[in-house]
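Down below is the structure, laid out as structure tokens.
The values are calculated or read from the model by the stated rules, or taken from the named source; none is laboratory data. Here the structure is a predicted model, which means the values were calculated and not measured. When we count neighbours, we look across all protein chains shown, and the Cβ atoms used for this are built from the backbone with ideal geometry, even at glycine. Protein only, heavy atoms only, side chains kept; ligands, DNA and RNA dropped before computing areas. Shrake-Rupley method; radii C 1.70, N 1.55, O 1.52, S 1.80 Å.
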Amino acid sequence: FSTTLSLTSLALLTLLSEAQGRMDKARSEEESGAGLLIRVKRGWVWNQFFVLEEYTGLEPLYIGKLHSDMDLGDGSIKYILSGDGAGTTFTIDDSTGDIHAIKRLDREVKAQYLLQAQAWNRQTDRPLEPKSEFIVKIQDINDNEPKFLDGPYQACIPEMSTIGTEVIRLTATDADDPTYGNSARVVYSILQGQPYFSVEPKTGVVRVSLAGMDREVREIYSIIIQAKDMGGQLGGLAGTTVVNITLSDVNDNPPVFDQKLYQMSVLESAPVGSVVGRIRAKDRDIGINAEMRYSIIDGDGRDTFDISTDPTNLFGIITIKKPLNFESKASYTLKIEGANTHLDHRFLDKGPFSHVTIVHVSVEDIDEPPEFSSAAYYIEVSEEAEIGTVFKTVSARDPDSSNNSIRYSIEMTTDLGKYFYIDITSGALMTVLALDREELSWHNITVLAMEMSNPSMIGSVSVAVKILDVNDNPPSLTQYFEAFVCESAKAGQLIQTVTAIDPDDPLGGQHFYYSLAPEAANNPNFTLRDNQDNTAWILTRRGGWSQQDQSVYYLPILISDRELPVQTSTSTLTIRVCSCDVEGNIMSCNAEAYHLPASLSRGALIAILACIFVMLVMILLMLSLRSHRKKPYLHDEEDNVHENIVRYDDEGGGEEDTEAFDIAAMWNPHEAHLVGKQRQDMLPEIESLSRYVPLACVGWPGSVCVGGDSNVQGYVLSKLLEADLDPCAPPYDSLQTYAYEGEGSVAESLSSLQSGCSNTDHEYDYLNDWGPRFKKLAEMYGVLETNNPPMW
């Protein structure tokens, strides 16, 4: 086979020796096969085509022509093209083998295309040879300018930088082929920014070209850098970018106060820590280079005022260090220094980096409340101090130059009991009520001092009054006013330990003495032992105790303290005789107590409880039935209310109730039995009652007679008198007497209704004659018989 290739004037056909060598090697291998294999010769040989990019013609760009020696020109051969861009970017004439580009080619988009060609027999529709590859390379032209992909750029350098200081390194990218000509060879230059900055042509490094650039004069610079290809020659393409350069601050400027003298004022009442004012030493620098530290370096107010830096580290805050007093000192002078906290040693020659100013502070006078001579008072007063005793004199003065008169008083809310009084002019404190330490041991009062000329100016002071103790309270038993002794107790047995309490509070502590009262000192039943530790023991002197003989003993105990004046008291200890078990546990202290037999079983107890429960249920049921019993029905008609007398214990007779009585019977009681219609079920009540009404005047002063002049009022009064005179009459008119108490009791009447009529004391000796059931009352109210055993 042979290959015929037609190219335009810009296309070249290159046959590579490497491809020829591979073909020769394959040929030799086939010949060494001893004739077993038949070598098939390729119909065409090619390697690659070259074509320029950016073709702008109207016709498709002719790439080349493919022709096989098997093609006899009869149209039996068909050429097929496949691979990158086949059919879309490249087309082939299947009869002639002409290859064309139907799209505009751009090397920066795709630099080469890999295609495959093959010849087919149209009649058999079978390939004559295997596919062979070839490359179409796009040849570059200078159609892309250099570009700064990351622009615009930001850069920062310190102010006062030296010449040659690198600012930033720029790189421009050219999309053209760097291996073909000078299309991608870039050269840098500065279009704007001279004489401050310059750029290196080959590296793109921007450098400082002017020394002493000051941020305080100009802070931001914008420069324009150009990148041009073709080595910067005429006709090359160029691209530009902007570089914004900021000068950062350095501490090259000292601080300066705006004023040499500052005037400030403050009220003398301002509390410690209050702000008087603030000052600032201005610095042209910024950030940490402008931060300040302030200090008072001289002046008569160094001990009275203080200065500190605010959170921004720019201002100096002057505050009060000690209380001010206009009357003592009316003005102060401060010498204040402000200095930078961060220094740059490269610029120390521009210093010093500090400045001094003077601050004059005037103290303003105000009307101040009175001041007491002491911040607080502590006073001790004996609780036996007499009323009117002066125990302390407080004093206050007006701190102002006017020195106004002072008036004293006690704040009412601090002395609610009104125990004390203060002299309005002298400030003398005195007692107006008796003091009792046991009731209130401390009094915390507030004394007020008021200016006469200005009542709104009031000073106050706290006065703590401690009430000193005096031995004015006798000791008494703390508890255990009742003790128990077993019937089986022996002589000398401890039955109770008693202690005492004393409201007083002596300095040396409480010390009590215990003894039996003189009237019980020689009693045969009990004795007392003082343990010398503020306690005492109650011991038995004998055995053989019995509830039947005597169940209660009263033992008077005499208690005294050691303080002067000595206080004594007598407390009575009640001792009961009780039945105890073998271990000494109390079982009963009542002589008539009933004990269930020990053999009573649990079932018996349950049965007893069940019976009690049933009885309670029955009682409740009966009460419920009684409460639901039908009550008499009353007519609400007005005429029935006025014309009938209703019997309250009668259940009613239905309709006959309206005919039971007639009002005429009340006008003439003697003829009541002849008037009206008789009821069938009962005799008219009016008849039975009227028979007993006497025809005489009612026995009350000023009353009228009932007889010939019959009227309702007289009849009612007669009925009332009859009920009063007859205690056995039923309460038909709802009037009842409750003064009768009955008779037949050996105790007769115990009523106290008539007790207020007598001024004599009651005698209860007769209670001893009423038997054992009144023994307890006789012990409480009566006088024991002379033959009774002693109480102790």
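Let me confirm something: among GLY301, GLY273, which residue is in contact with a Leu (Cβ under 7 Å, 6 or more places away or on another chain), open to solvent by less than 70 Å² (accessible area, probe 1.4 Å) and either in a strand (DSSP E or B) or not acidic (Asp, Glu) (or both)?
Exactly one residue qualifies, and that residue is GLY301.
Of ALA500, ALA491, ALA464, all but one fail to be open to solvent by 50 Å² or more (accessible area, probe 1.4 Å) and modelled with pLDDT of 90 or more; the exception is ALA491.
Are any of the residues in the range 309-320 within 38 Å of the chain's Cα centre (by Cα), within 30 Å of SER401 (Cα to Cα), of a type outside the set (Ser, Thr, Tyr) and surrounded by 13 or more Cβ atoms within 10 Å (Cβ to Cβ)? Within the range 309-320 (the criterion being within 38 Å of the chain's Cα centre (by Cα), within 30 Å of SER401 (Cα to Cα), of a type outside the set (Ser, Thr, Tyr) and surrounded by 13 or more Cβ atoms within 10 Å (Cβ to Cβ)), the answer is yes, since at least one residue qualifies.
Any idea which residue in the range 161-178 is nearest to ARG207 (Cα to Cα), counting only those that are among the polar types (S, T, N, Q) and in a loop (DSSP other than H, G, I, E, B)? Give the steps one after another, and end with the answer.
Of the residues in the range 161-178, the ones among the polar types (S, T, N, Q) are 161-162, 165, 171, 173.
Filter again for in a loop (DSSP other than H, G, I, E, B), leaving 161-162, 165, 171.
Values: SER161: 10, THR162: 10, THR165: 5, THR171: 15 Å.
Checking each candidate, the answer is THR165.
For the range 144-160, the criterion of being more than 30 Å from ARG207 (Cα to Cα), open to solvent by less than 70 Å² (accessible area, probe 1.4 Å) and touching a residue at least 60 places away in the same chain (Cβ under 8 Å) is met by no residue. In the range 177-187, of all residues being open to solvent by 90 Å² or more (accessible area, probe 1.4 Å) and touching a residue at least 40 places away in the same chain (Cβ under 8 Å), the one that is farthest from SER248 (Cα to Cα) corresponds to TYR180. Scanning the range 337-351 turns up no residue that is within 42 Å of the chain's Cα centre (by Cα) and open to solvent by 30 Å² or more (accessible area, probe 1.4 Å). Between GLY235, GLY277, GLY273, the distinction of being more than 14 Å from HIS355 (Cβ to Cβ) and modelled with pLDDT under 90 belongs to GLY235 only. Please verify whether the range 349-362 includes one or more residues that are at pLDDT below 90, over 30 Å from ARG302 (Cα atoms) and part of a helix (DSSP H, G or I). Yes: one or more hits.
With respect to ASP505, is the statement that it is more than 30 Å from ASN403 (Cα to Cα), open to solvent by 70 Å² or more (accessible area, probe 1.4 Å) and not hydroxyl-bearing (Ser, Thr, Tyr) true? Yes; evaluated as a whole, the condition is true for this residue. Screening the range 129-158 for residues that are assigned to a strand (DSSP E or B) and of a type in the set (D, E, K, R) and picking the one that is nearest to ALA184 (Cα to Cα) gives LYS147. Of the set (1) at pLDDT 90 or above; (2) under 27 Å from ASP436 (Cβ atoms); (3) in contact with a Lys or Arg (Cβ under 8 Å, 6 or more places away or on another chain), all apply to ASP505 but (1).
Considering (1) of a type outside the set (Asp, Glu); (2) in the same structural domain as ASP214 (by the TED database); (3) open to solvent by 50 Å² or more (accessible area, probe 1.4 Å), the lone condition that GLN112 does not fulfil carries the number (2). Among residues of the range 711-724 that are surrounded by fewer than 19 Cβ atoms within 10 Å (Cβ to Cβ), those with a Cβ under 6 angstrom from a residue that is assigned to a helix (DSSP H, G or I), sequence gap 6+ or separate chain, pair up as VAL712/MET666. Exactly one residue out of ASP174, ASP214 is of a type in the set (D, E, K, R), in contact (Cβ under 8 Å) with a residue 12 or more places away in the chain and farther than 30 Å from GLY316 by Cβ, and it is ASP174.
Candidates SER373, SER395, SER409: the one that is open to solvent by 80 Å² or more (accessible area, probe 1.4 Å) and out of contact with any Asp or Glu (no Cβ under 7 Å at 6 or more places or on another chain) is SER373.
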